[in-house]
1. Can you list the residues, at least 5 places off or on another chain, whose amide H is less than 5 Å from the amide H of Ser316, using H built in the peptide plane?
2. Taking the Cα of Asp211, stepping 7 Å toward and past its beta carbon, and measuring to each backbone N in segment 117-155: which are under 18 Å?
3. Would you pull out the residues with amide H under 5 Å of Ile651's amide H, same chain only if 5 or more places away, H placed 1.01 Å from N?
4. For a test of the definition: using alpha carbon positions, the gyration tensor, and the 1.5 limit on a/c, classify segment 385-476 as rounded, prolate or oblate.
5. Using the basic label-point model (7 angstrom from Cα toward the beta carbon), what is the Lys193 to Glu291 distance in nanometres?
6. So for each of 358-364, 292-298 I average, over its residues, the number of other beta carbons within 10 Å; can you give me the resulting order with the highest mean first?
7. Between Arg488 and Asn619, how high is the FRET efficiency from 1/(1 + (r/R0)^6) when r is the Cβ-Cβ distance and R₀ = 51 Å? Nearest 0.05.
8. Could you sort the peptides 377-386, 114-123 by per-residue average Cβ neighbour count (10 Å cutoff), highest mean leading?
Amino acid sequence: MKDIRRQFSRLFLIGLSLGFSQLPAQNKSLPATEDNYYSMQRLPIPEGIVLEAGGLVTLPNGSLALATRRGDVWIIDNPDGRNNTRPYYRKFASGLHEILGLAYYDGDLIMAQRSELTRIKDTNKDGRADVYETVYSWPVSGHYHEYSYGPRFLPDGSMIVTGNVAFGDNDWWAGQSRVPWRGWAMRVTLDGKMEPWAAGARSPAGIGIVDGEFFYSENQGDWMGSGYITHVEKGDFLGHPAGLRWADRPESPVKVRQSDIYSRVDPRISPEGGPYVKPENLPERGKALFEVAKEVPGIKTPAVWLPHGILGISTSDITTIPKDHLFGPFGGQMLVGDQGQSKISRVFLEKVKGQYQGGAVLFREGFRSGVMRMTWGHDGSLYVGQTNRGWGSTGPDDYALQRVVYTGRTPFEILKISAQPDGFEIEFTQPVDKASAEDVNGYDITGFIYKYHPVYGSPVIDDQNCAIKGIKVSSDGKKVRLLVEGLREKYIHEIKLPGLKNGEGNALLHNTAYYTLNAVPDGAKLTGYKAVKAAPRNAPEAAAAHAHGHTSKLAKRTVTQPSEWSGGPDQTFVLGTEPGLHFDKKELVVKAGSRIKLTMTNTDDMPHNFLLVTRGSANSVGEAAINLGLKGNELGYVPDLPSVLSHTKLIEPGGADTIYFIAPSEPGEYTYVCTYPGHYFSMQGTLKVVP
């Protein structure tokens, strides 16, 4: 223990020398960067402590309790480094199983282990737990994907916990509820009584209680076109059919049955055994979830969608920003973490005609590892517990604990968006420049939605530009009312404001929001507005498919053997995938200028592609793929860049693609990479070109 303390003291002093507890210098002309407004400070972790955060909570004295995926619970005293004294780590409990949630109650800690809700106590007050009590246990099959989350307390003092589904053996990409209540939310009382609450979850990693209401976060996967946030009430069906296996039980409040779902998607799909056909052979006729909900009462559609690859790929924790202004102007709104893309989004809600809806905007990115859990410090700062083991993340570290501090400066941001009877009202944190706000060409609104089908994820479908016909700026300059044609209920609306400026001529820190319009409100329509007409839009760019100076004369994706290859390819490769976002071969060796045939097979549970890129460009190509936004899936997440030499299509789970290309003529090490959003940071290999 003395060695750990000495090592931590050294790391803490290094942290102080790097500005661990200092705010940015004051500057009146700050550039629009996230660091200027919300600084991130990394808490040094003593050597020998593997802090893969699964649960995180602030204790009454200001210390943190952090539970790890490896089954330990640590208490971190003085986490903010107050008075230039170091934080101090002490182990409180160990020997637990994959903790993925943590709560404080009446002096004790309560957590979701893999198979139970557990309460631990320190009865002899020696600073270490000595009593481990099972509050409630649930069945598990032993499948690795049966993660359990929670608890979060409801206003009546009971708790909510949630559980992942498993995957199939033959149909390995399809979620299964092998034992009761997997894929469900459960309400559990402190005396151990359990009540099934809602079914249809796939991977419900985040639980939030907002104004006393239960919300949960979902991840993209089979039946889930993208991540989202949903308001959950007793008896709701949330979309994934696997958990409906238990809906016939007498204690179930859910009225939807598996046959209600499968019969409306494809008659060849069996509710018990999964699809009879592979996902790539299923007909592309999936409806949107809201269309099925019209036919099946009891289906709850998302309150706010988080577009996949844009606002994240693995939605995690939910927390509400306190209204005390210690964290800036966004009090009462939600923060939603993303494990895969190491970022946090901000969500604002409203209730229209009895339904929750609202928008999402990027808040903060660049965390050191995958954002998993969040908690508020007593000083109003946000602590973020992170991990990437087995899941991968854009953040480079395996785990991290960081503190986000509001610097006191107000960023120029979209504060919130409200639906109107004939469009949207956008409120900002600072007054806008009226001339830029009244320029219709500075806006772009596109409505779109995702398919509801058993295939992993979904492309963007039914995307349609919405014309802006009128603009009205409020007298204080903080609100802009837009008269919009073409809005559709239940659709996501991408609202881009690249041309908007504030009074000082600065652009928005984040200029794009995604608003889920579940219901159009009644009320007065816009009057006294400036009528506008947008300039003709540029034709959409074609998919990336040209060589851009590559020494090969072949197209970047050539799927038939070139006629001039009379002797066939010089070398043939079969490249596959491994769990955890990896290719199954880390290196391929080829001769310079040789003719290559490569087949990529995808045995994973999510889409992948193969891009051969120039040396040193893999990360920039991966970032460019993410920036394709709504067009990404259509383009196979292949950006039109000279650095892309050859590529496959986007390959769905269970699929394959064969391409032919000429190896680079210059010897050296080139990179092949998967650019599906969030994958490029770990899914890379080396094409070694030898003379």
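1. For Ser316, whose amide H was placed from the backbone, the distant partners under 5 Å are Gly337, Asp338, Gln339.
2. Backbone N within reach: 154-155.
3. Those lying under 5 Å, H to H, from Ile651 are His608, Asn609.
4. oblate
5. 4.4
6. 358-364, 292-298
7. Efficiency, rounded to the nearest 0.05: 0.90.
8. The densest-packed peptide leads the list: 377-386, 114-123.
Computed from the coordinates by the stated procedures, all read-outs in this text should not be read as laboratory data. Bear in mind the structure is a predicted one, so any value in this text is a computation, not a measurement. Backbone-built Cβ (ideal geometry, glycine too); neighbour counts: all protein chains shown.
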